[in-house]
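See below for the structure under consideration.
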Amino acid sequence: MNSVLVIGAGSIGNHLSYACRQKGWSVDLYDNDPAALTRTSEEIYPSRYGQWDEGIRLLSEDSFKSHYDLAIVGTPPDTHLQIAGDLLARVDLRYLLIEKPLCGPKLGGLDAFSLQVESSGCNVLVGYNHIFTKNTSLTEGIIKRESFGAPLSLHVRWLEHWGGIFAAHPWLSGPEASYLGHWARGGGACGEHSHAISLWQYFSTYLGMGKISSVTSTMKMVDDGSVEYDETAHLLVESEHGLVGSIIQDVVTAPAEKTMRIQFQKGFIEWRANFDSTHDAVFYAAEGKSEQLELIEKKRTDDFSGQIDHIEALLSGSKKFDQSPNTLAEGISVMNTISKAHESRQTGKAVDIEWHD
């Protein structure tokens with residue numbers, strides 16, 4: 001049985017604890033705030049999953065075991081690298097999963113953390129879980145099956161009012177009460193909804209067009225003294241091999257729209273999350289064929305189960321870490337894009353992103 005340490009008893013900590021327990025793994029859940037652990041056992045977990053799981057060991061002091069197969073850091077992004085670095089120094093870990101975004105867009109401490117990871121022997125992942133959902137694998141399969149020809153454009157929209165985030169964290173009074181209202185801490189639309197950047201880059205790479213190599217951004221900023229964040233972020237991007245497209249993220253759209261559309265020479269495909277309350281979907285048509293809509297039944301917990309399935313395969317050895325699409329290197333590449341997008345927003349110019357394999 002795999003052993004798991006989860007740091008942070010907020011929404012993501014509960015989701016991933018549940019996903020790990022569904023595998024039968026042992027879970028230690030730590031938070032330095034005893035009230036957060038009480039909320040987890042008495043409110044959050046029972047309301048989401050039916051009842052509290054007595055198999056989860058709650059820790060309010062960092063009395064960790066000496067070894068875990070997996071540790072998960074689910075705290076605010078500006079704390080990720082410090083907490084992850086402390087774990088690597090103190091605990092023997094096989095895998096470490098850090099929730100997205102990896103850190104703040106100023107990238108403070110990232111170089112030192114990367115060096116620490118190299119010397120630790122631990123395999124580090126970053127939690128862009130939507131690349132493991134069923135609509136993603138279905139999209140890949142359709143692209144392989146259909147004769148779409150060369151890709152012409154790629155556009156991702158991740159437009160979602162963040163009221164749902166605050167509903168899942170009712171102890172927060174609003175964006176000013178957490179990192180969410182501060183772009184420099186990893187909040188705002190570009191950081192909080194960076195799934196969009198991850199998805200764009202994932203499919204650009206899948207199509208053989210490479211990573212994002214240039215970004216030009218326009219953002220609507222909110223700055224009232226208590227918050228400073230990007231309410232809407234428009235990114236125009238180009239890949240290493242010339243694929244051009246856009247990424248639009250915001251924290252105001254309701255109902256939400258989470259879509260990715262690839263236009264090919266001979267057709268299109270559109271990935272959709274939360275098509276309706278119980279389905280994701282893929283919408284597509286190859287040249288000369290009728291449009292097709294394939295629905296994928298899902299629950300909220302399914303958004304995270306694919307990520308844990310992937311980690312299970314890595315732990316068992318049935319998949320190789322260097323072939324994983326959400327390694328630390330991939331998480332860093334998304335952070336570089338976020339960082340350069342804010343630089344472009346401040347300078348009003350396109351910013352190049354250099355890659356070193």
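The values are calculated or read from the model by the stated rules, or taken from the named source; none is laboratory data. These figures come from a predicted structure and were not determined experimentally. For neighbour counting, all protein chains shown are included, and Cβ atoms are generated from backbone atoms with ideal geometry for every residue, glycine included.
Quick rundown of the values:
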| read-out | value |
| --- | --- |
| Output for region 318-357, where each listed residue is of a type in the set (A, V, I, L, M) and within 17 Å of the chain's Cα centre (by Cα) | LEU328, ALA329, ILE332, VAL334, MET335, ILE338 |
| Some residue of region 151-163 being in a helix (DSSP H, G or I) and under 18 Å from the mean Cα position of the chain (by Cα) | no |
| Unique match (being modelled with pLDDT of 95 or more and out of contact with any Ser or Thr (no Cβ under 9 Å at 6 or more places or on another chain)) among LEU199, LEU180, LEU159 | LEU180 |
| Scope region 1-52; condition without any contact (Cβ under 8 Å) to a residue 12 or more places away in the chain and closer than 17 Å to ARG300 by Cα; matching residues | PRO46, SER47, GLY50, GLN51 |
| Boolean, ALA167 is surrounded by fewer than 16 Cβ atoms within 10 Å (Cβ to Cβ) and modelled with pLDDT under 95 | yes |
| Meets criteria (among the hydroxyl-bearing types (Ser, Thr, Tyr), without any contact (Cβ under 8 Å) to a residue 60 or more places away in the chain and farther than 21 Å from TRP183 by Cα) for SER66 | yes |
| Selection within region 272-297 - touching an Asp or Glu at 6+ places or on another chain (Cβ under 8 Å) and of a type in the set (Phe, Trp, Tyr) | PHE283, TYR284 |
| Flag for LEU81 being under 25 Å from GLU343 (Cβ atoms), among the aliphatic types (A, V, I, L, M), in the same structural domain as GLY10 (by TED's automatic domain parsing) and buried (at least 21 other Cβ atoms within 10 Å of the Cβ) | yes |
| Positions within region 231-251 being surrounded by fewer than 19 Cβ atoms within 10 Å (Cβ to Cβ) and of a type in the set (Asp, Glu), in sequence order | GLU231, GLU240 |
| Pairs with Cβ under 7 Å, 6+ apart, first in region 333-357 and surrounded by fewer than 18 Cβ atoms within 10 Å (Cβ to Cβ), second modelled with pLDDT of 95 or more and in a helix (DSSP H, G or I) | ALA350/SER344 |
| Selection from region 170-191 of residues that are buried (at least 18 other Cβ atoms within 10 Å of the Cβ), more than 16 Å from the chain's Cα centre (by Cα) and within 29 Å of PHE275 (Cβ to Cβ) | PRO175 |
| Matching option when the condition is in contact with a Lys or Arg (Cβ under 8 Å, 6 or more places away or on another chain), at pLDDT 95 or above and either within 21 Å of ALA189 (Cβ to Cβ) or assigned by TED's automatic domain parsing to the domain that holds ILE165 (or both), among SER333, SER344, SER290 | SER333 |
| Pair list, Cβ under 6 Å, 6 or more apart: region 109-121 residue free of Cβ contacts under 8 Å to residues at least 40 places away in the same chain and under 19 Å from GLY186 (Cα atoms), other residue surrounded by 10 or more Cβ atoms within 10 Å (Cβ to Cβ) and of a type in the set (Gly, Ala, Ser) | PHE113/GLY85 |
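Quick grid of which residues meet (1) of a type in the set (Ser, Thr, Tyr); (2) without any contact (Cβ under 8 Å) to a residue 40 or more places away in the chain; (3) out of contact with any strand residue (DSSP E or B) (no Cβ under 7 Å at 6 or more places or on another chain):
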site: LYS220; (1), (2), (3): no, yes, no
site: ASP223; (1), (2), (3): no, yes, yes
site: ASP230; (1), (2), (3): no, no, no
site: VAL251; (1), (2), (3): no, no, no
site: ARG272; (1), (2), (3): no, no, no
site: VAL282; (1), (2), (3): no, no, no
